[in-house]
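Please read the structure below before turning to the comments.
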Amino acid sequence: QVQLVESGGGLVQPGGSLRLSCAASGFTLDYYAIGWFRQAPGKEREGVSCISSSHGRIVSADSVKGRFTISRDNAKNTVYLQMNSLKPEDTAVYYCAAKASTWPSLEAEHFGSWGQGTQVTVSS
């Protein structure tokens, strides 16, 4: 069975940085695109960034462009989200998800496998 496990969340001050990891098992990233999503209480789930596994194509939400960077290490079967210049509005539970295509997407309904989420809190 495919599994995705997020880690790296925590409490950081505004302007700080955090690196999230998404470790995949039960499948190889060679044939999947991996996306990061986030959801705060009372808010809709938001696509953050997604990376393909073949050409390394990336799509990101306008709200995080220039601050967040998604990357992939196929040898470790892991995808990362480097988050810099964090803002309080970035506070949310962050999820990684997989879709059986290398084409990146920020639409949650395109993803069939999801991790359990990791909490990111940005506060002074």
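The values are calculated or read from the model by the stated rules, or taken from the named source; none is laboratory data. What you see is a predicted model; the values in this text were computed from it and never measured. Because the Cβ atoms are built from the backbone with ideal geometry, glycine has one as well, and the counts that use them run over all protein chains shown. Protein only, heavy atoms only, side chains kept; ligands, DNA and RNA dropped before computing areas. Shrake-Rupley method; radii C 1.70, N 1.55, O 1.52, S 1.80 Å.
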Item to complete: Count neighbours as other Cβ atoms within 10 Å of each site's Cβ, and list the GluC sites (Glu not before Pro) in region 1-63 that are DSSP loop with at most 12 such neighbours.
Response: GLU44
Response to the item:
Within the under-13-Å Cβ sphere about LEU29, not counting LEU29, Lys/Arg +1 and Asp/Glu -1 give a net charge of +1
Response to the item:
Per the beta carbon screen (other Cys under 4.7 Å), unpartnered cysteines of the chain come out as CYS50
Response to the item:
Taking the chain, the equivalent ellipsoid from its C-alpha gyration tensor has semi-axes in Å, biggest first, of 23, 14, 14
Practice prompt. Calculate what fraction, in whole %, of the accessible area of the chain sits on carbon and sulfur atoms when a 1.4 Å probe is rolled over the protein chains.
Written response: 47 percent
Fill in: Relative contact order (percent, whole number), region 1-114, Cα cutoff 8 Å, 6+ residue spacing
34 percent
Item to complete: Can you check what the net charge comes to around SER53, using other residues whose Cβ is under 12 Å from the Cβ of SER53 (Lys, Arg +1; Asp, Glu -1)?
Response: +1
Item to complete: Identify all lysines with a Cα-Cα distance to LYS43 below 20 Å; exclude those on the same chain that are fewer than 8 residues away in sequence.
Response: LYS87
Discussion item. Leaving out ligands and nucleic acids, and using a 1.4 Å probe, what accessible area per residue does region 33-82 come to in Å²?
Written reply: 50 Å²
Worksheet item: What does the charge count near LYS65 come to, summing +1 for each Lys or Arg and -1 for each Asp or Glu among other residues with Cβ under 14 Å from its Cβ?
Response: -1
